[in-house]
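Scroll down for the structure; my scribbles are underneath it.
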Amino acid sequence: MSSSQLYTINLEGLEFHAFHGCYDLEQLSGSHFEVALEITSPLGQVAERDDVTLAVNYLTVYQVVRQQMAITQRTIERVAQNIIDALFESFGQIVAVKCTVTKLAPPLGGKVRKVSVTLTSER
(Lines give C-alpha, C1' and ligand atoms only; values in the text may rest on other atoms or scores of the structure.)
Protein backbone atom coordinates (compact mmCIF):
# COMPACT_ATOMS: atom_id res chain seq x y z
CA MET A 1 0.00 0.00 0.00
CA SER A 2 1.20 3.47 -0.86
CA SER A 3 1.95 5.64 2.15
CA SER A 4 0.78 8.68 0.17
CA GLN A 5 -2.69 7.22 -0.47
CA LEU A 6 -5.53 9.45 0.71
CA TYR A 7 -9.05 8.55 1.75
CA THR A 8 -12.19 10.63 2.08
CA ILE A 9 -14.81 10.29 4.78
CA ASN A 10 -18.28 11.58 3.88
CA LEU A 11 -20.80 12.50 6.56
CA GLU A 12 -24.15 13.63 5.17
CA GLY A 13 -27.42 14.81 6.63
CA LEU A 14 -26.21 15.85 10.08
CA GLU A 15 -29.31 17.64 11.38
CA PHE A 16 -29.44 20.39 13.98
CA HIS A 17 -31.83 22.97 15.39
CA ALA A 18 -29.63 26.04 15.85
CA PHE A 19 -29.87 29.80 16.22
CA HIS A 20 -27.82 31.15 13.31
CA GLY A 21 -29.12 34.02 11.25
CA CYS A 22 -28.71 37.65 10.37
CA TYR A 23 -32.11 38.56 11.85
CA ASP A 24 -32.65 38.79 15.61
CA LEU A 25 -35.83 36.69 15.32
CA GLU A 26 -33.82 33.84 13.72
CA GLN A 27 -31.44 33.95 16.65
CA LEU A 28 -34.36 33.76 19.08
CA SER A 29 -36.53 31.08 17.45
CA GLY A 30 -33.86 29.12 15.61
CA SER A 31 -34.00 27.18 12.37
CA HIS A 32 -33.30 23.72 11.07
CA PHE A 33 -29.89 23.10 9.53
CA GLU A 34 -28.05 20.28 7.81
CA VAL A 35 -24.31 19.81 7.61
CA ALA A 36 -22.42 17.66 5.11
CA LEU A 37 -18.68 16.97 5.29
CA GLU A 38 -15.98 15.52 3.09
CA ILE A 39 -12.85 14.95 5.16
CA THR A 40 -9.62 13.90 3.47
CA SER A 41 -6.79 12.23 5.35
CA PRO A 42 -3.74 10.10 4.52
CA LEU A 43 -4.66 6.42 4.70
CA GLY A 44 -1.41 5.54 6.45
CA GLN A 45 -1.79 2.25 8.32
CA VAL A 46 -5.58 2.51 8.90
CA ALA A 47 -6.63 -0.13 6.34
CA GLU A 48 -3.52 -2.29 6.55
CA ARG A 49 -3.78 -2.66 10.33
CA ASP A 50 -7.60 -2.47 10.35
CA ASP A 51 -7.16 -0.14 13.36
CA VAL A 52 -9.92 2.37 14.07
CA THR A 53 -7.68 4.29 16.49
CA LEU A 54 -5.59 5.41 13.49
CA ALA A 55 -8.62 6.72 11.60
CA VAL A 56 -10.58 9.96 11.85
CA ASN A 57 -13.22 9.04 14.44
CA TYR A 58 -16.75 9.75 13.12
CA LEU A 59 -18.20 10.11 16.61
CA THR A 60 -15.65 12.78 17.49
CA VAL A 61 -16.32 14.53 14.16
CA TYR A 62 -20.04 14.64 14.97
CA GLN A 63 -19.34 16.00 18.47
CA VAL A 64 -17.10 18.74 17.02
CA VAL A 65 -19.82 19.75 14.55
CA ARG A 66 -22.49 19.70 17.27
CA GLN A 67 -20.36 21.97 19.47
CA GLN A 68 -19.84 24.45 16.62
CA MET A 69 -23.53 24.43 15.66
CA ALA A 70 -24.34 25.46 19.25
CA ILE A 71 -22.36 28.71 18.85
CA THR A 72 -24.75 31.29 17.38
CA GLN A 73 -23.43 33.11 14.32
CA ARG A 74 -24.92 35.67 11.91
CA THR A 75 -23.83 33.83 8.75
CA ILE A 76 -23.66 30.21 7.73
CA GLU A 77 -20.32 31.05 6.12
CA ARG A 78 -18.92 31.69 9.61
CA VAL A 79 -20.50 28.47 10.89
CA ALA A 80 -18.85 26.45 8.10
CA GLN A 81 -15.47 28.09 8.74
CA ASN A 82 -15.75 27.38 12.48
CA ILE A 83 -16.49 23.72 11.78
CA ILE A 84 -13.49 23.42 9.45
CA ASP A 85 -11.17 25.16 11.92
CA ALA A 86 -12.34 22.95 14.79
CA LEU A 87 -11.87 19.75 12.74
CA PHE A 88 -8.33 20.77 11.77
CA GLU A 89 -7.61 21.47 15.45
CA SER A 90 -9.10 18.15 16.59
CA PHE A 91 -7.46 15.91 13.98
CA GLY A 92 -3.85 16.57 13.01
CA GLN A 93 -4.02 14.03 10.18
CA ILE A 94 -6.78 15.81 8.23
CA VAL A 95 -5.43 17.46 5.06
CA ALA A 96 -8.67 18.85 3.60
CA VAL A 97 -12.26 19.52 4.62
CA LYS A 98 -15.25 20.41 2.47
CA CYS A 99 -18.13 21.61 4.63
CA THR A 100 -21.64 22.43 3.45
CA VAL A 101 -24.02 24.14 5.88
CA THR A 102 -27.65 24.26 4.77
CA LYS A 103 -30.45 26.33 6.30
CA LEU A 104 -33.82 24.72 5.65
CA ALA A 105 -36.80 26.97 4.84
CA PRO A 106 -34.90 30.27 5.20
CA PRO A 107 -37.04 33.39 5.81
CA LEU A 108 -36.60 35.04 2.41
CA GLY A 109 -40.16 36.29 1.87
CA GLY A 110 -41.25 33.40 -0.34
CA LYS A 111 -41.14 29.65 -0.57
CA VAL A 112 -37.50 28.54 -0.52
CA ARG A 113 -36.65 24.95 0.45
CA LYS A 114 -33.06 25.60 1.47
CA VAL A 115 -29.97 27.75 1.09
CA SER A 116 -26.47 26.29 1.35
CA VAL A 117 -22.90 27.47 1.64
CA THR A 118 -19.93 25.24 0.87
CA LEU A 119 -16.38 25.99 2.01
CA THR A 120 -13.32 23.93 1.16
CA SER A 121 -10.03 24.27 3.03
CA GLU A 122 -6.70 22.46 2.77
CA ARG A 123 -3.62 22.52 4.90
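Assorted remarks:
- Number of residues in the stretch 31-55 that are more than 15 Å from residue 118 (Cα to Cα), modelled with pLDDT of 95 or more and not hydroxyl-bearing (Ser, Thr, Tyr): the value is 1.
- Tally of residues being surrounded by fewer than 20 Cβ atoms within 10 Å (Cβ to Cβ) and charged (D, E, K, R) across the stretch 90-109: 1
- Those residues of the stretch 94-112 which are assigned to a loop (DSSP other than H, G, I, E, B) and either aromatic (Phe, Trp, Tyr) or modelled with pLDDT of 95 or more (or both), in sequence order: 94, 95
- Looking across the stretch 1-30 at every residue that is among the hydroxyl-bearing types (Ser, Thr, Tyr) and at pLDDT 90 or above, the one that is nearest to residue 81 (Cα to Cα) is identified as 8.
- Cross-chain or 6+ apart pairs with Cβ under 8 Å, the stretch 11-24 first and over 11 Å from residue 72 (Cβ atoms) and in contact (Cβ under 8 Å) with a residue 24 or more places away in the chain, then buried (at least 18 other Cβ atoms within 10 Å of the Cβ) and aromatic (Phe, Trp, Tyr): 16/33
- Listed by position, the helices (runs of 4 or more DSSP H) contained in the stretch 1-89 that have at least 3 residues being among the hydrophobic types (A, V, I, L, M, F, W, C) and buried (at least 17 other Cβ atoms within 10 Å of the Cβ) are 58-69.
The values are calculated or read from the model by the stated rules, or taken from the named source; none is laboratory data. Just so it is clear, the model here is predicted, and its values are computed rather than measured. Using ideal geometry, Cβ is built from the backbone for each residue, glycine included, and neighbour counts are taken over all protein chains shown.
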